[in-house]
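Notes follow once the structure below has been shown.
The values are calculated or read from the model by the stated rules, or taken from the named source; none is laboratory data. These numbers were taken from a predicted model, which means no experiment stands behind them. For neighbour counting, all protein chains shown are included, and Cβ atoms are generated from backbone atoms with ideal geometry for every residue, glycine included. The accessibility values were calculated without ligands, DNA or RNA, using every heavy atom of the protein model including side chains. Shrake-Rupley method; radii C 1.70, N 1.55, O 1.52, S 1.80 Å.
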Amino acid sequence: PAPRLRPPAIEAAAPPPLGQSKRVSEADPAVIEECIRGLLRPGVMNLAAGYAHWDPPPECVKAAADRMTLGNYSYAYTFSSEVNRYGDAMGLKELRDALKAKLKKENHIEGREVMVTAGANQAFINVVNTLVDEGDRVVLFNPFYFSHKIAFQLAGADIQICESDSRFDPDLWDLHRILNESQHIGKPVKVMAITNPGNPTGAVWSQNTIRVLQEICQKWGIWLVSDETYEYFLYDNAQHFSPNASNGVINIFSFSKSYGMAGWRVGYVAFPPSLAGAMEKVQDTIVTMPTMMSQFVALEALKAGRRWVQGHVKDLLRSRGLVMRAGDVFGTPEPKGAFYCFVPMPKNLPDTYVTAVLAKHFGVLVVPGSAFGMSDFVRIAFGSLTGSAANQASLRLIKGFGEICRIGLSVSFDRIMSQPEMNGRYGSFPPLVENITEQELVKWEQKLNSPMLSKQAGQKAGEDEH
């Protein structure tokens, strides 16, 4: 046979570098992880991560133990087959039935399908994947929960930010402006997402506000997605209300905060039955199902119920008061729900600089407000604080905020006095300088590092309390 000829060599161009998708690279960063990685050191109190200080109800431990048996060795356990095998993608039937009963009794939500998810964030991702196509317009209210924005960014949505008033209630005039403009250009809003009680503000919207938003969504043909993770975290006789229209409303809840189960990753979502097939498709692809053990634990937690959670929430009142004592210097709105204080900062200081100063020099880690859409704020989470730790955090914040206030005023004053035509000789002073330079910030960082001002983050709790 004739010999086989080798094909001629093809001169290939250098392959392009391997990279990530444009959607991911342009999405906002995972801000909590960035804060922890960059600023959390031994001795720094973590007031960035939002979690409750309590553990799950004792019955949850028994529920987990009942599905474990001691193996051939004293340190080896085996699990029952109902834990080891796949379960229903929609969630454990007993748990879903119990959740439907809870939704009917407490939230006045009936006629919905319920899906158990690996936390509320995964529930939100499921909803976004089910409802949103690339380029669809969606609405978030400022300040927003950063994970909601990132979920929309990953879906390629056209995100419209609606402003809020000084109490963090939605600005309905601005909302109607967005809706009208969107309709005019042929891109009507498809989804509106709310968080009530609010993260990062702790604001609790009234029944009338929820009703008005629900009516607006029904009138304009918009899906209303309501994240109600903090439904049980209420203070000063505040009340939580769920939007509960039979169609067009999706409600998301979580076990992470209420039952101290952040590590177990269990949430749930109630939605119209018409979406069941689509939601199941997304769930089966992303996570298949939440872990079976977590669902059995959640079922026992649900039996402890609202009263058990509210008994623990009362303990947060003292922590809220101590954090508010520090935030009062800046006129912080008092939160009526959740476990966050959203503290306004001097407008002339970058929020990333503020968070760095608080962590490095005063031993408290907070989240910059720009992650939530408002760069002149920081968020403080007080859910993890108890006893002397709450005292310690309050004192560190008081010292830190005092220094932040001094920096903001002093930098502006130095700049103003360096310009004779603006220093007040002619009867008026200009407002605070807003465009502070990097050089000026470095100058203050050097002052903070001086021996006289240095207050190392790892100072003892006893010294703080004194």
- Message: Among the listed residues 397, 358, 349, 365, identify the single one that is modelled with pLDDT of 90 or more and more than 30 Å from residue 227 (Cα to Cα).
- Response: 358
- Message: Being over 20 Å from the mean Cα position of the chain (by Cα), closer than 26 Å to residue 21 by Cβ and open to solvent by 30 Å² or more (accessible area, probe 1.4 Å) is true for just one of 190, 219, 149. Which residue is that?
- Response: 190
- Can you name the number of the only condition in (1) over 21 Å from residue 338 (Cβ atoms); (2) in contact (Cβ under 8 Å) with a residue 60 or more places away in the chain; (3) in contact with a strand residue (DSSP E or B) (Cβ under 9 Å, 6 or more places away or on another chain) that residue 157 fails? (2)
- Query: Can you name the number of the only condition in (1) open to solvent by less than 60 Å² (accessible area, probe 1.4 Å); (2) among the charged types (D, E, K, R); (3) in contact with a Lys or Arg (Cβ under 9 Å, 6 or more places away or on another chain) that residue 257 fails?
  - Reply: (3)
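Rundown of residues vs (1) open to solvent by 60 Å² or more (accessible area, probe 1.4 Å); (2) under 30 Å from residue 263 (Cα atoms); (3) not in a strand (DSSP E or B), yes/no style:
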residue: 124; (1), (2), (3): no, yes, yes
residue: 127; (1), (2), (3): no, yes, yes
residue: 160; (1), (2), (3): no, no, no
residue: 167; (1), (2), (3): yes, no, yes
- With respect to residue 244, is the statement that it is surrounded by fewer than 24 Cβ atoms within 10 Å (Cβ to Cβ), over 18 Å from residue 305 (Cβ atoms), free of Cβ contacts under 8 Å to residues at least 12 places away in the same chain and among the polar types (S, T, N, Q) true? no
- Item | residue 317 vs. criteria at pLDDT 95 or above, open to solvent by 20 Å² or more (accessible area, probe 1.4 Å) and under 25 Å from residue 43 (Cα atoms) | yes
- Query: When you look at residue 142, is it within 27 Å of the chain's Cα centre (by Cα), surrounded by fewer than 22 Cβ atoms within 10 Å (Cβ to Cβ) and not acidic (Asp, Glu), yes or no?
  - Reply: yes
- Selection from region 260-283 of residues that are more than 23 Å from residue 205 (Cα to Cα), β-branched (Val, Ile, Thr) and open to solvent by less than 10 Å² (accessible area, probe 1.4 Å): 266
- Query: Among the residues of region 367-409, how many are assigned to a helix (DSSP H, G or I) and touching a Phe, Trp or Tyr at 6+ places or on another chain (Cβ under 8 Å)?
  - Reply: 13
- Note on the structure: Filtering region 244-256 down to residues that are over 17 Å from residue 59 (Cα atoms) and part of a loop (DSSP other than H, G, I, E, B) yields 244, 245, 246, 247, 248
- How do the pairs read when you match residues in region 388-408 that are within 17 Å of residue 319 (Cβ to Cβ) with residues anywhere that are among the acidic types (Asp, Glu) and open to solvent by 10 Å² or more (accessible area, probe 1.4 Å), using Cβ under 8 Å and keeping only pairs 6 or more apart or on different chains? 388/465; 391/465; 392/465; 395/465
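When only residues in region 224-239 that are out of contact with any Phe, Trp or Tyr (no Cβ under 8 Å at 6 or more places or on another chain) and either charged (D, E, K, R) or more than 18 Å from residue 122 (Cα to Cα) (or both) count, which is surrounded by the most Cβ atoms within 10 Å (Cβ to Cβ)?
Among them, the one singled out is 232.
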- Query: Would you say residue 302 is in contact (Cβ under 8 Å) with a residue 24 or more places away in the chain and within 30 Å of residue 219 (Cβ to Cβ)?
  - Reply: no
